[in-house]
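The values are calculated or read from the model by the stated rules, or taken from the named source; none is laboratory data. Quick caveat, the model's predicted, so the values are computed rather than measured. When we count neighbours, we look across all protein chains shown, and the Cβ atoms used for this are built from the backbone with ideal geometry, even at glycine.
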Amino acid sequence: MEKQAFIIDSKTSISIPENASAAVQHGVRMFSDDMERVFQSRPAVVSAEEADIIIALQDETAAAPLHEEGFALKFKEKGNKRIMQITGADELGVIYGLLYISRTYLGIDPFWYWADLEITQLQKVNIPSREYYSEPAAVKYRGWFVNDEVCLIGWDPQYPPTRETWIVVFETLLRCGGNMVIPGTDLPKKGVHQTTAAEMGLWVSHHHAEPLGAQMFLRAYPDKKPSYQEHPELFEKLWTEAIKKQQHDKVLWVLSFRGQGDKPFWDDDPSYDTPQKRGGMISKVVRRQYDLINQYVDNPVCCLALYGEISELYQQGVLDLPENVIKVWADNGYGKMVSRRHGNINERIPSLPAKEDQGKHGIYYHVTFHDLQASNHLTMFPSTIEFMKGELEQVLERRADDYWLINSGNIRMHLYHLDFIAEMWQKGGISPEKHLRRFVQRMFSAQQQEIESLYRAYPQHSISYGAKEDEKAGEEYYHHPARLITAHMVQGKGEQAEEKLYWLAEESSFTAQVQQYADSCREGNHRWKKFREKAETVMKALPAGEQQRFYDLFYLQLVLHDSGSAGAALLAEIWKAVRQEDYPLAFVFANKAMYIYQEGQLALKQSEHGKWLDFYRADWLTNIKATIYSLDVLRKYLRTFGDSPDYFLWYKEFLMEESEKHIYLENTQREPLSDSTLAERLEAVFKKQGRLART
C-alpha cells in the first residue's frame, strides 16, 4: 500500500509558483496551517527540484486545459521518491486543490473553526498515487452575503471588524467551494473587509442598496436630496470613484437603483408614481452605471439585483436592461422564491425567470433573515431541508445557475444549512438524508442517530404564523411583535388595532391581535418545551467534550425558541389583567415574562466560552435585551396604577400582616420593595389564591 501511495508527514516540503499572487500565497498559508495542525510542523518551502509537493499554475499552452477554477493532482517518480504536483487552472484552482488535500486526507472540516472541532494529530497520511481531476461546480459564481453580521461586529473589539475576523470567514467560504462574497453590510469604507476578500482570491460583489459598492448618497451629501434627477453628477461621481477603486479586482458589479436605506427610491421622490416612470428611471440609471464600468474595466461581469420592487417592475416589462447582465432573483427571506413581504403587503409574486426568459440568471437566497417581524437571525432556518432543496432545484431547472448569493448572517448558527447549500452549488443536487448523516458524523462521535432525528424534527416545531408552507417563525417572532404590543399598552392606545401587526393578525381590535399572537406562541411553546427536554437528554449522553458543541450548534436555539415563545405567550395574560384593571396581576405577569425572556439572554452568554467571548454582545437585531427592557418599562408603568405615589400600597394590601395594617405608622413606613422583589412576593400570594393557575 505505502509503495503505491504518496506520503505526507512532518518532513514534507513544498514549492510554490514563482511570483505567486497574494491569493495563491493565502492558499499556501491555509494549507501550511492545516499541516501544522495535523503534524505539528509546517512544510518547508523549497525549490521545485527539491520539493515533495509542487504547487503550480497551469501552463497557458497546456494541451488539455483544466476547466476554470479546476485543479489536477498528478504523481511522478523522481529518483527514489514520489512527487505530487497540484496544478490549478488559475489561482482559485490552486487554492481549491490545496484545500481538497486538507479536507480529504488531512481531515480538516470546512467548519472546524466554527464548530470547535478537534483536529486529529497524525504521524503520516497516505494519498493514492492516481491522477485526480476536479469537477466543475454546478453554479458559476457562488458565495455568501455576510449580511446582518452584528455578532461578528460585537465579537471583534474593534469596529469595523479587523482582518483577522474576516480571514476566518473567507477561509471557511473557500473551504466550502465558494468563490464570491459580499463582505458585510454598509461598513465604513475604511474597513479591510473588501480588500481582504479580494486579496484571498474571492470575487467581490455588492449589496443591492450599494450599487457598484459606492458610498450611499446621503453619507457623502447629507444636505442634498437623494434624487438622481436633481443631482446626476453627484451620484455618478460616487459611482466613478467606486469603479476606479475596484477596477483591478475581481468584481461582480451589481447594478441597481434603490432609495437610501434600502427602500424604493420613489419613497424619497413621490413624483415617480407609475410603473412606467419607475422602470424608466431604473433603466436609465442602470444603463449609465453599465457604461461607466465599461469605461474602466474590460469585459466586466455585471449583475442586476431583482430585489423587491425591481423584480415586480421587471416582470411588468418596464425595464430595459443591458445584455449579458446576470439577473439576480431573490426569495422572500423565508426560503420561498416569491417576492418578500413589505410591512403588511405580501403579494407573493413568483421570483424566478420564466422558462422562455433567455440570458443569465442567479439568486439571492436567505439561510438567515432579519425583517422586524418573524425571521430567523439567531436560530436556524425554520422550514425543512426538503423544502429548501425543492426551491433550489426549481432554481436550477429555470437555469438560474450563474450566481448564487447566500445570506450567511453570522455563520456560527447556520452551519447545517450553509453546508447543505455548499453541496448543492457544487453538485447541483444531493440527498438531504445522506447529507444530514454526513454532517452529524462530522460534528459528533456519539448519539448520531438521535441527533439526526433532532435535526429532522426541528422544523416540525416551528410556529406557523400563516397558511403558506414557508410561513414559519424564527426567533424574531417572539421579540419584534412583543415589543410592539408592550409599547401599545404603555402608550395607552387601548383597543385600537395595531397596524404594524396586520401582517400577522388583521383583526379589528388590539385584544384579538394579542390573543391570536399569544395563542400561537403558547401552542408553539408546548412543542418547543418538550423538544428541548428531549434534546437535553441527548446532550447529556454525549461525551463531555461534545456537550458544549451540541449546546452551541443546536440546544441554544431550542432555549431561544422555548423561552421566547413562553415569554410572548404571557402578553395576553398581561393585557387581560389590564383590561380588567387588575394591575397587580398584570404587574406580576409582566415581571414573569421579563424573567422568562432573560433565560434566552443567559443562554447566549453560556455559548460565549473561550474564543467566543462576546460573540452575542451585539445582539441588536433580534435584541433580546430590548424585549427585556420593554417589559421592564411595562411593569414600572403598571405599578403606577394603584401602587403610586409611595410604592407601598400593594405591599400593604397583599403582603403586610393583617394585624399590622391597622397599627403601622406612616412616619415609619418601610422602604419600598424593588419591582422584582415585589413581583416575586405577589406571585407567591396569587399562586396560593389560584390566580396564576393558567400559567
The residue that is surrounded by the most Cβ atoms within 10 Å (Cβ to Cβ), considering only those in the stretch 448-483 that are outside any loop (DSSP other than H, G, I, E, B) and over 24 Å from the mean Cα position of the chain (by Cα), is GLU450
Within the stretch 354-369, how many residues turn out to be farther than 10 Å from ALA400 by Cα, within 26 Å of the chain's Cα centre (by Cα) and either free of Cβ contacts under 8 Å to residues at least 12 places away in the same chain or not in a loop (DSSP other than H, G, I, E, B) (or both)? 3
With the structure loaded, tell me whether SER32 is of a type in the set (Ser, Thr, Tyr) and under 13 Å from ILE101 (Cα atoms) or whether it fails that test. yes
Contact list please: Cβ distance under 7 Å, first residue in the stretch 292-320 and closer than 25 Å to THR274 by Cα and assigned by TED's automatic domain parsing to the domain that holds ILE363, second residue surrounded by 15 or more Cβ atoms within 10 Å (Cβ to Cβ) and aromatic (Phe, Trp, Tyr), pairs at least six apart or on different chains. CYS303/TRP253; CYS303/TYR403; ALA305/TYR364; LEU306/TYR314; LEU306/TRP329; TYR307/TYR364; SER311/TRP329
Index of the failed condition, THR120 passing every other in (1) more than 29 Å from the chain's Cα centre (by Cα); (2) more than 27 Å from SER607 (Cβ to Cβ): (2)
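If only one of HIS435, HIS480, HIS526, HIS488 is modelled with pLDDT of 95 or more and either under 30 Å from GLU393 (Cα atoms) or of a type in the set (Ser, Thr, Tyr) (or both), which one is it?
Working: HIS480 fails: either under 30 Å from GLU393 (Cα atoms) or of a type in the set (Ser, Thr, Tyr) (or both); HIS526 fails: either under 30 Å from GLU393 (Cα atoms) or of a type in the set (Ser, Thr, Tyr) (or both); HIS488 fails: either under 30 Å from GLU393 (Cα atoms) or of a type in the set (Ser, Thr, Tyr) (or both).
Selected residue: HIS435, the only one of HIS435, HIS480, HIS526, HIS488 that is modelled with pLDDT of 95 or more and either under 30 Å from GLU393 (Cα atoms) or of a type in the set (Ser, Thr, Tyr) (or both).
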Being at pLDDT below 95, more than 30 Å from PRO110 (Cβ to Cβ) and small (Gly, Ala, Ser) is the requirement here; does SER508 meet it? yes
Checked the stretch 632-652 for anything part of a helix (DSSP H, G or I) and within 21 Å of ARG579 (Cα to Cα); matches are ASP632, VAL633, LEU634, ARG635, LYS636, TYR637, LEU638, ARG639, LEU649, TRP650
With the requirement that a residue be farther than 28 Å from GLN289 by Cα and either not assigned by TED's automatic domain parsing to the domain that holds HIS370 or not in a loop (DSSP other than H, G, I, E, B) (or both), what does the stretch 323-353 give you? ILE345
I need the full set of residues from the stretch 188-206 which are surrounded by fewer than 19 Cβ atoms within 10 Å (Cβ to Cβ), touching a residue at least 12 places away in the same chain (Cβ under 8 Å) and not charged (D, E, K, R), in order please. PRO188, GLY191, VAL192
Is it the case that VAL285 is in the same structural domain as MET337 (by TED's automatic domain parsing), within 29 Å of the chain's Cα centre (by Cα) and either within 22 Å of LYS360 (Cβ to Cβ) or surrounded by fewer than 21 Cβ atoms within 10 Å (Cβ to Cβ) (or both)? no
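Modelled with pLDDT under 95 and either among the β-branched types (Val, Ile, Thr) or surrounded by 22 or more Cβ atoms within 10 Å (Cβ to Cβ) (or both): does that describe THR185?
yes
Yes or no: the stretch 237-244 includes at least one residue that is under 30 Å from LYS355 (Cα atoms) and in contact (Cβ under 8 Å) with a residue 12 or more places away in the chain.
No, the stretch 237-244 has no match at all.
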Please verify whether the stretch 293-311 includes one or more residues that are of a type in the set (Gly, Ala, Ser), touching a helix residue (DSSP H, G or I) at 6+ places or on another chain (Cβ under 9 Å) and within 24 Å of LEU238 (Cα to Cα). yes
Determine whether GLN260 is more than 31 Å from the chain's Cα centre (by Cα), in contact (Cβ under 8 Å) with a residue 40 or more places away in the chain and within 30 Å of GLN315 (Cα to Cα). no
Look at GLU118 and say whether it is more than 24 Å from GLY409 (Cβ to Cβ), of a type in the set (Asp, Glu), surrounded by fewer than 17 Cβ atoms within 10 Å (Cβ to Cβ) and modelled with pLDDT of 95 or more. yes
Somewhere in the stretch 434-449, is a residue over 15 Å from PRO382 (Cα atoms) and of a type in the set (Gly, Ala, Ser)? yes
Being of a type in the set (S, T, N, Q) and either touching a strand residue (DSSP E or B) at 6+ places or on another chain (Cβ under 7 Å) or not in a loop (DSSP other than H, G, I, E, B) (or both) is the filter here; which residues of the stretch 238-284 pass it? THR240, GLN246, SER256, GLN276, SER283
Just to be sure before I move on: is LYS652 among the basic types (Lys, Arg), on the phi < 0 side of the Ramachandran plot, out of contact with any His (no Cβ under 8 Å at 6 or more places or on another chain) and modelled with pLDDT under 95 in the structure I sent? yes
Please find, within the stretch 148-167, the residue that is surrounded by the most Cβ atoms within 10 Å (Cβ to Cβ) out of those that are touching a helix residue (DSSP H, G or I) at 6+ places or on another chain (Cβ under 6 Å) and of a type in the set (D, E, K, R). ASP156
Subset of the stretch 179-199 [of a type outside the set (A, V, I, L, M), over 16 Å from the mean Cα position of the chain (by Cα) and either within 20 Å of TYR365 (Cβ to Cβ) or in the same structural domain as TRP114 (by TED's automatic domain parsing) (or both)]: ASN179
Condition first: under 21 Å from ASP109 (Cβ atoms) and of a type in the set (A, V, I, L, M). Can you find one or more residues in the stretch 47-60 that meet it? no
Is it true that ILE95 is out of contact with any Phe, Trp or Tyr (no Cβ under 7 Å at 6 or more places or on another chain), in contact (Cβ under 8 Å) with a residue 24 or more places away in the chain, in a strand (DSSP E or B) and aliphatic (A, V, I, L, M)? no
Can you spot a residue in the stretch 114-135 that is free of Cβ contacts under 8 Å to residues at least 60 places away in the same chain and either under 27 Å from THR622 (Cβ atoms) or part of a helix (DSSP H, G or I) (or both)? no
Considering each residue of the stretch 48-72, count those that are within 38 Å of the chain's Cα centre (by Cα) and either closer than 16 Å to PRO136 by Cβ or not aliphatic (A, V, I, L, M) (or both), and give that number. 9
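ARG348 - would you say it is among the basic types (Lys, Arg), surrounded by 20 or more Cβ atoms within 10 Å (Cβ to Cβ) and modelled with pLDDT under 95? Before the answer, list the steps.
Details: among the basic types (Lys, Arg): yes; surrounded by 20 or more Cβ atoms within 10 Å (Cβ to Cβ): no; modelled with pLDDT under 95: yes.
No: the conditions fail for ARG348.
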Can you tell me which residue among GLU36, GLU69, GLU77, GLU91 is at pLDDT below 95 and among the charged types (D, E, K, R)? GLU77
